[in-house]
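Remarks on the structure that follows.
The values are calculated or read from the model by the stated rules, or taken from the named source; none is laboratory data. Fair warning: this is a prediction, and the values are worked out from it, not measured in the lab. Every residue, glycine as well, gets a Cβ built from its backbone with ideal geometry; the counts of neighbours run over all protein chains shown. Note: areas computed on protein heavy atoms with side chains; ligands, DNA, RNA excluded. Shrake-Rupley method; radii C 1.70, N 1.55, O 1.52, S 1.80 Å.
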Amino acid sequence: MTEPTTPQPGTRALVLGGGGVAGIAWEVGVLSALQDAGVDLDAADLVVGTSAGSVVGAFVRAGAVEHAYEQQHAPLPSTYVEPDRVGGEDFQQRVAQVLAGATSEQDARARLGVVAQQVVTGQTDDERVATFAETLPSAEWPEKPLALTTIDAQDGTFRVLTAASGVPLTRAVAASCSVPFVWSPVRIDGVPHYDGGLRSATNADVAAGYERVLVVACGPEGPSPLGPWLDLAVESLRAGGSSVETVVADSGAQHAFGENSLSLSTQAPSATEGRRQGEAVAEAIAAFWA
């Protein structure tokens with residue numbers, strides 16, 4: 001986990017977690033409500049995106065959250081191919097089997113990377129990169145700091161990609177969204193990478209050193225052998241002097257996500273639930289952000 005850092009006065013970070021197609025929709029719903037309440041999210045000194053959050057982060061930096069929200073109710077034609085459903089319990093059981101005997105967080109991530117590389121069905125990584133090129137508001141990295149998380153499938157190294165990494169934005173997003181057991185890893189400079197959400201669904205510790213941190217999470221996180229889960233990261237951030245607020249998807253949102261958060265059918269209901277939840281917390285978040 002990132003070592004506690006003395007926060008820079010006046011700085012703000014926005015952390016956006018993973019949650020599949022449904023998570024993208026829910027997050028843009030939350031953020032659209034916050035923006036309507038006067039919360040200038042793009043004023044963040046850092047936006048951290050993991051998996052679904054990498055997509056939403058790109059929309060935030062492009063000033064296109066409202067456009068993204070509208071898309072959830074009237075999706076554009078897309079080459080996205082829905083994968084076979086991997087149930088939550090089944091997914092967790094398969095991960096647990098792979099991680100048995102791991103000696104460290106990085107070793108656990110490397111073991112998962114071995115299995116991730118065995119997936120050869122479905123769309124190729126190049127095809128998924130092309131799909132994100134259709135989805136994202138821009139194929140170029142924004143001028144303001146955007147950090148996207150992914151994991152090296154060969155050695156388990158956790159990587160935070162930025163404009164300085166020299167990786168095309170669409171490929172960085174595709175790598176951050178490459179869920180093991182569902183899609184094959186995405187190659188970056190020839191090295192396979194998979195979903196940064198397997199270290200943590202939020203990777204909130206990446207925001208260490210910022211005075212105020214707003215975390216938008218598609219669900220609670222439990223203890224994990226892969227990396228610092230949300231409660232642990234928040235504890236560390238606060239110990240380092242950061243003020244932290246979290247918005248976590250509630251039961252209504254979880255119901256909208258359904259049994260397959262990677263299904264396009266979840267977009268409209270999840271976005272609506274996000275909007276509802278965002279309106280409920282807007283006043284408190286506006287005070288915190290200001």
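Data overview
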read-out	value
Out of Gly63, Gly19, sole residue that is modelled with pLDDT of 95 or more and out of contact with any strand residue (DSSP E or B) (no Cβ under 9 Å at 6 or more places or on another chain)	Gly63
Single match in Asp205, Asp231, Asp250 (criterion: surrounded by 24 or more Cβ atoms within 10 Å (Cβ to Cβ) and among the acidic types (Asp, Glu))	Asp205
Only one of Ala22, Ala33 that is part of a helix (DSSP H, G or I) and surrounded by fewer than 23 Cβ atoms within 10 Å (Cβ to Cβ)	Ala33
Residues satisfying the stated conditions in segment 196-226, i.e. farther than 26 Å from Arg12 by Cβ and touching a Ser or Thr at 6+ places or on another chain (Cβ under 8 Å)	Ser224, Leu226
Complete set of residues in segment 125-155 that are open to solvent by less than 60 Å² (accessible area, probe 1.4 Å) and within 14 Å of Ile188 (Cα to Cα)	Asp125, Arg128, Val129, Leu148, Thr149, Thr150, Ile151, Asp152, Ala153
Count of residues meeting criterion [modelled with pLDDT of 95 or more and more than 21 Å from Thr135 (Cα to Cα)] in segment 168-197	4
Residues of segment 214-247 classified as in contact with a Leu (Cβ under 6 Å, 6 or more places away or on another chain) and farther than 16 Å from Val30 by Cα, total	4
Scan of segment 156-184 for residues that are open to solvent by 50 Å² or more (accessible area, probe 1.4 Å) and either in contact with a Leu (Cβ under 9 Å, 6 or more places away or on another chain) or of a type in the set (Lys, Arg) (or both), ordered by number	Arg159, Val160, Ala163
Segment 86-106 residues that are at pLDDT 85 or above, paired with ones that are open to solvent by 60 Å² or more (accessible area, probe 1.4 Å) (beta carbon under 7 Å, 6 or more apart)	Val98/Arg111; Leu99/Arg111; Leu99/Pro225; Ala102/Arg111; Ala102/Pro225; Glu105/Pro225
Of residues in segment 95-123 being farther than 12 Å from Leu226 by Cα and not in a loop (DSSP other than H, G, I, E, B), the one most open to solvent (accessible area, probe 1.4 Å)	Gln97
Number of positions in segment 253-266 that are in a helix (DSSP H, G or I), of a type outside the set (Phe, Trp, Tyr) and open to solvent by less than 50 Å² (accessible area, probe 1.4 Å)	3
